[in-house]
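Derivation of every value follows stated rules applied to the coordinates shown; laboratory data play no part. Since this is a predicted model, take the numbers as computed values, not measurements. Neighbour counts are summed over all protein chains in view; Cβ atoms, including those assigned to glycine, are modelled from backbone coordinates with ideal geometry.
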Amino acid sequence: MSAQSNSWRVNFASDNVGGAAPEIVAALAEAADGFAMPYGNDDLTEKFRALAAETFETELAAYPVATGTAANSIALATLAPPYGVIYCHEGAHIEEDECAAPEFYIGGGKLTLLGGADGKFSAGDLKAKLGDPSAAAAVHHAQPAAVSISQLTEKGTAYTLEEIRAIADVAHAHGLRLHMDGARFANAVNALGCSPAEASWKSGVDVLSFGATKNGAFAAEAVIFFDPALAKDIEFRRKRGGHLFSKMRFLSAQLCAYLENENWLRYGANANGAAKALADGLRNVDGVELLHPVDGNEIFARISASVHQALRAAGCQYYAFGEAPDGSVGIRLVTAFNTGDAETGHFLEAARAGAKGAAA
């Protein structure tokens with residue numbers, strides 16, 4: 001056990017608890033040799049843009065940043081004025097987990113929340129919330145500016161292509177742009193069984209926060225505009241927001257290695273496969289209830305006190321929440337690009353032992 005494992009034998013707390021993929025490690029080592037121009041004026045950043053255009057089968061504008069929060073916030077700030085409204089799910093990462101960063105980067109702005117089961121809102125929900133487009137023009141009202149969806153959602157589910165298109169149609173009919181928080185975009189593409197283009201701009205997505213950190217990178221994300229004209233002042237917003245890196249090549253090196261040879265899709269497929277193995281196994285364990293469909297690499301479940309205790313005793317780490325009077329808890333499990341059969345097998349063995357112990 002390495003010194004960095006913190007004594008946990010298996011860690012499913014998130015997909016960012018692991019290290020980095022070997023291809024990305026090698027790319028960074030190679031980028032560290034020699035000299036390159038700063039602030040994105042280097043060959044690797046240019047190469048990343050070309051790879052992104054090839055991957056998504058279209059002309060685009062792509063801007064590396066270091067965190068998902070920056071990607072989301074800078075993207076939305078480019079789409080929305082300070083008096084603008086962003087429509088998103090009530091459980092969206094931009095609402096729950098980004099410490100008001102979108103509003104900060106926008107210079108004001110307002111998130112308006114939509115409900116919906118399994119972390120998703122529908123086109124009908126959005127249409128009802130927007131109402132009559134002419135009613136929003138009054139100077140007393142914050143003005144609708146954009147719609148944001150998470151893919152995968154914060155419940156581990158995936159919007160279908162039909163659901164994305166329907167939401168995009170409503171947004172565009174109201175003159176709004178559609179942003180996708182794609183922190184786990186690779187997992188979603190694998191789950192949907194489609195091309196990156198079909199999962200994004202061909203379904204009406206205007207701007208994508210393209211995630212890599214949760215899927216094998218050290219720290220690298222990108223903001224991708226499928227209409228380069230929409231990028232407008234992003235260069236200034238990225239600089240002002242502290243994400244115009246002096247040595248940008250080290251972000252771009254990660255993103256190049258990520259996209260080359262479809263490594264990113266392979267990483268995502270491994271994470272999804274591991275989650276499926278876990279979910280299939282847990283369905284047959286007494287005292288375990290899956291709470292949402294498992295479309296990608298996240299599992300939400302409620303487990304009995306005995307299963308929880310057995311898992312902890314076996315060195316299994318995960319986030320637990322909502323302890324009930326009977327001792328059962330809700331848990332979130334997230335598998336990663338490098339999760340293997342040994343990890344999933346150990347977890348399931350411990351869960352079965354906990355269920356067996358309760359029945360004895």
Given a Förster distance of 25 Å, the FRET efficiency implied by the Cβ-Cβ spacing of Arg9 and Glu289, rounded to the nearest 0.05, works out to 0.55
Once both label points are put 7 Å beyond Cα along the C-beta direction, the Ser195-Phe104 separation in nm becomes 3.9 nm
Answer in debye to the nearest 20: the dipole magnitude of segment 219-260 about its Cα centre, from +1 Lys/Arg and -1 Asp/Glu charges placed on Cβ, is 280 debye
A correct Karplus calculation of ³J(HN,Hα) over segment 287-296, with 6.51 cos²θ - 1.76 cosθ + 1.60, θ = phi - 60°, whole Hz and x for Gly and Pro, returns x, 10, 10, 6, 9, 9, x, 9, 8, x
For the table Lys129/Lys202; Lys155/Lys232; Lys127/Lys232, the rows whose alpha-carbon distance is greater than 29 Å are Lys155/Lys232
Full extension between Asp97 and Glu262 adds, at 0.36 nm per residue less the Cα distance, a length in nm of 56.4 nm
For Thr112, the residues 5 or more places away or on another chain with a placed amide H closer than 5 Å to its own amide H are Ile86, Tyr87, Cys88
Rounded to the nearest whole number, the per residue volume of the convex hull around the C-alpha atoms of segment 1-84 in Å³ is 193 Å³
With +1 on the Cβ of every Lys and Arg and -1 on the Cβ of every Asp and Glu, the dipole magnitude of segment 22-263 about its Cα centre, in debye rounded to the nearest 20, is 540 debye
FRET efficiency (Asp280, His346; Cβ distance; R0 22 Å; to 0.05) is 0.90
Contour minus Cα-Cα span, Asp326 to Thr58, at 0.36 nm per residue, comes to 91.1 nm
Whole-number value, in Å³ per residue, for the convex hull of the alpha carbons of segment 162-260 is 109 Å³
Over 31 Å (Cα to Cα) among Lys110/Lys247; Lys120/Lys276; Lys120/Lys214; Lys239/Lys276 -> Lys110/Lys247; Lys239/Lys276
The relative contact order of the chain, taking Cα pairs under 8 Å that sit 6 or more residues apart, comes to a percentage of 24 percent
Stretched fully, the stretch from Ala50 through Lys356 gains (0.36 nm per residue minus C-alpha distance, one decimal, in nm) 104.7 nm
The answer for the net charge of residues other than Ala269 whose Cβ lies under 14 angstrom from its Cβ, with Lys and Arg +1 and Asp and Glu -1, is 0
The local net charge around Thr160, scoring Lys/Arg +1 and Asp/Glu -1 for residues other than Thr160 whose Cβ lies under 13 Å from its Cβ, equals -3
Plugging the Cβ-Cβ distance of Met37 and Arg240 into 1/(1 + (r/R0)^6) at R0 = 25 Å yields, to the nearest 0.05, a FRET efficiency of 0.70
Cα-only Rg/Rh for the chain with Kirkwood Rh rounds to 0.99
Of the convex hull enclosing the alpha-carbon atoms of segment 259-360, the direction-averaged projected area in nm² is 6.6 nm²
In whole angstrom, the spacing between the Cα centers of segment 200-255 and segment 269-341 equals 32 Å
